[in-house]
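The values are calculated or read from the model by the stated rules, or taken from the named source; none is laboratory data. The model shown is predicted, which means the values in this text are computed figures rather than measured ones. Please note: Cβ atoms are built from the backbone with ideal geometry, for glycine as well, and neighbour counts cover all protein chains shown. Surface accessibility is based on the protein's heavy atoms, side chains included, excluding ligands, DNA and RNA. Shrake-Rupley method; radii C 1.70, N 1.55, O 1.52, S 1.80 Å.
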Amino acid sequence: MDKTEKIITSGKKYAQETYKQFPIVLSHGEGSHLWDTEGKRYIDFGAGIAVNALGYNHTKQVEAITEQAKKLLHCSNLYWNEPSVKLAETLATQGDLKKVYFANSGTEANEAAIKLARKYSSLHYNKEGKPYTRTHIISMQNSFHGRSYGSLSLTGQEKYHKGFYPLLPGISYGEFNNLDSVADLITEDTCAIIVEPIQGESGIRPATKEFLQGLRKLADDHNLVLIFDEVQCGIGRLGTLFAYQHFGVTPDIVTLAKGLGGGVPIGAMLASERVNCFAPGDHAGTYCGNPLVTASAQVVIEALTEQHFLGELKEKGKFLKESLQSIAEGCPLITEVRGAGLMLGVELTVPAAPVVSKAMELGLLIIPAGEHVVRFVPPLVITKAEITEGLTLFAQALTS
Ligand SMILES: *Cc1c(COP(=O)(O)O)cnc(C)c1O
């Protein structure tokens, strides 16, 4: 048995099968390329599900992690640590939401958002003498917010709920991009609305600007907390550091993860000073904002906010979208190309999985989003030449 086969065989024997896994074992990467244990090279349009913002083996990121590992890996939040404070300051000063809470994942960031929204409402808007009357949250159909009980309950897709009932009570789902459907769900028990500015997992579906503006107005009119889940679409992916800046609509809470750490597990929940009301003991996690992960995230944010980075990213996104559109013109299998920046989806008339497998065989890693959509979320450092390299393989995968 060769090495690759041995790893996969042991994996199937000892690891719980919670992912359907492709039959390759990845070993290392450089820039926007990856190699497997057979020495085969891939161009990466998936970035570990929109995570590896700076690609692989990024000099400054590796240095920062190495230096921090030598100094202090972890010290708990009973004491301050400099990388965590520095990252909080950087995130706060780059946008409108000034109070930062660190988590370990997107799911955890959303859990924190649920708790903050409920606490805020319990302090300000409950009925006289009756605490916790305003606890309901409106989410969207086809959304994805994570798999813990709170975030799973927010996730508006029944296939993820099946077998795990009962969920958190008081969650309802509006129709994405249909403002009236959301307005109809608001009751005196509603405390918050949560939305992905671009729905990721269910197929790269962008919200319209009007929809997000309308949600902002509904939230203002009814004293609701507006939460944007930017776990996938935030951190530079749309050409602005925060996705809400791309749409020009500021929520009360933003949740982040994926690209934030550039490959280390970190999430964040940013709140406005008005909504922020966590006090010691309300919410916490042992690892949250530890110096190792925040030192890595600091390098990501500094790279993205360097002078020309996001401008060039918008150019590359435009190039990718136009190239995909010209592939679509000659390919009856493609019905739509959508998304913004370096977060694009190609809707197919056929299931995405076989196209993804064929692309992998040819040396291109892409990921499906929903049944019929192929998702393009490459490292943010990808070059136009690398985009062309990958798209040549994508076009080949479609024709074969
Ligand atoms: C991936 C994702 C999550 C969950 O993040 P994890 O880090 O996997 O817990 C939540 N929301 C959105 C929009 C996501 O794409």
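Once the piece of chain linking K209 and D180 is laid out straight, how much longer is it, given 0.36 nm per residue of separation minus the C-alpha distance between them?
Contour length minus Cα-Cα distance gives 8.9 nm.
Taking the Cα centre of the chain as origin, work out the dipole magnitude from +1 charges on Lys and Arg Cβ and -1 charges on Asp and Glu Cβ, in debye rounded to 20.
Result for the chain is approximately 600 debye, rounded to the nearest 20.
Using only the Cα atoms of segment 167-224, what do you get for the radius of gyration and for Dmax, in Å?
Gyration radius and largest Cα-Cα distance of segment 167-224: 11.6, 33 Å.
Viscosity 1.306 mPa s, temperature 10 °C: what is the translational diffusion coefficient of segment 22-76 from Stokes-Einstein with a Kirkwood Rh over Cα pairs, rounded to a whole number of µm²/s?
124 µm²/s
Just to be sure I understand the rule: take each whole DSSP H helix in the chain, project its Cα atoms onto its long axis, keep it if the span is 24 Å or more and its mean Kyte-Doolittle hydropathy is at least -0.5. Which ones pass?
Counting only whole DSSP H runs, the qualifying helices are 309-329.
Cα-Cα pairs above 39 Å in the chain: how many percent?
Values: 13688 of 79800 pairs.
Above the 39 Å cut-off, the chain has 17 percent of its Cα pairs.
In deg cm²/dmol, rounded to 500, what helix-only [θ] at 222 nm does the chain give when every DSSP H run of at least 4 residues adds -39500 (n - 2.57) and the total is split over its residues?
Value at 222 nm, helices only, nearest 500: -12000 deg cm²/dmol.
Can you pull the accessible area of V62 for me, 1.4 Å probe, Å² to the nearest 10?
Its heavy atoms expose roughly 70 Å² to the probe.
Report the Rg/Rh value for segment 218-268, based on alpha-carbon coordinates and the Kirkwood definition of Rh.
1.04
Would you mind checking the radius of gyration and Dmax of segment 220-368 based on alpha-carbon positions, in Å?
18.7, 59
Restricting the calculation to Cα positions, tell me the Rg (one decimal) and the Dmax (whole number) of segment 93-148 in Å.
13.8, 40
With N residues in segment 61-105, what two-decimal value do you get for its Cα radius of gyration over 2.2 N^0.38 Å?
With N residues counted in segment 61-105, Rg over 2.2 N^0.38 Å equals 1.29.
Just to be sure I understand the model, the point goes 7 Å from the Cα along the line to the Cβ. What's the resulting L73 to Q325 distance in nm?
Label-label distance for L73 and Q325, simple model: 5.0 nm.
How big is the C-alpha Rg of segment 87-241 next to the rule-of-thumb value 2.2 N^0.38 Å, as a ratio?
That works out to 1.02 for segment 87-241.
Quick check: with the 1.4 Å probe, what order do D252, D189 take by accessible area, largest first?
D189, D252
How big is the gap, in Å, between the Cα center of segment 47-84 and the Cα center of segment 237-281?
Centre-to-centre (Cα) distance: 18 Å.
Quick one, what does Rg over Rh come out to for segment 278-365 if you take C-alpha atoms and the Kirkwood Rh?
With Rh from the inverse mean 1/r over Cα pairs, Rg/Rh is 1.17.
Can you give the Rg to Rh ratio for segment 133-191, taking only C-alpha atoms and Rh from Kirkwood?
Here Rg/Rh amounts to 0.97.
When the solvent-accessible surface of protein heavy atoms is calculated with a 1.4 angstrom probe, in what order do Y173, Y160 fall, highest first?
On the way: Y173 70, Y160 45 Å².
My answer, sorted largest first, is Y173, Y160.
Could you tell me what percent of the DSSP beta bridges with both partners in the chain are antiparallel, to the nearest 5? Could you put the intermediate results ahead of the total?
Numbers: 31 of 48 bridges.
Close to 65 percent.
In the chain, if the dipole is taken from +1 on Lys/Arg beta carbons and -1 on Asp/Glu beta carbons about the Cα centre, which of L364, H74, V293 is farthest to the positive end?
Checking the options against the dipole of the chain, the answer is H74.
Quick check on packing: order 299-305, 180-186 by the mean number of other C-beta atoms within 10 Å, highest mean leading. Before the final figure, lay out the partial values.
Values: 299-305: 20.0, 180-186: 16.6.
Going by the mean number of other Cβ atoms within 10 Å, highest first, we get 299-305, 180-186.
So who's got an amide H within less than 5 Å of the one on E336, skipping anything under 5 residues away but keeping other chains? H placed 1.01 Å off N, in plane.
Close amide H contacts, sequence-distant or interchain: E347.
Would you mind telling me the share, in percent, of accessible area of segment 106-149 contributed by carbon and sulfur at probe 1.4 angstrom?
Ligands and nucleic acids excluded, carbon and sulfur reach 50 percent.
Counting pairs of Cα atoms in segment 1-116, how many percent are more than 16 Å apart?
76 percent
For a label point 7 angstrom out from the Cα of L123 toward its Cβ, which stretches of segment 195-221 have the backbone nitrogen within less than 20 Å?
Answer for segment 195-221: 219-221.
Which aspartates and glutamates, if any, have their Cα less than 18 Å from the Cα of K70, not counting same-chain residues under 8 positions apart?
The reachable aspartates and glutamates, counting only those whose Cα sits under 18 Å from K70, are E82.
Suppose the chain between K159 and Q307 were pulled fully straight at 0.36 nm per residue; how much longer would it get relative to their current alpha carbon spacing?
49.0 nm
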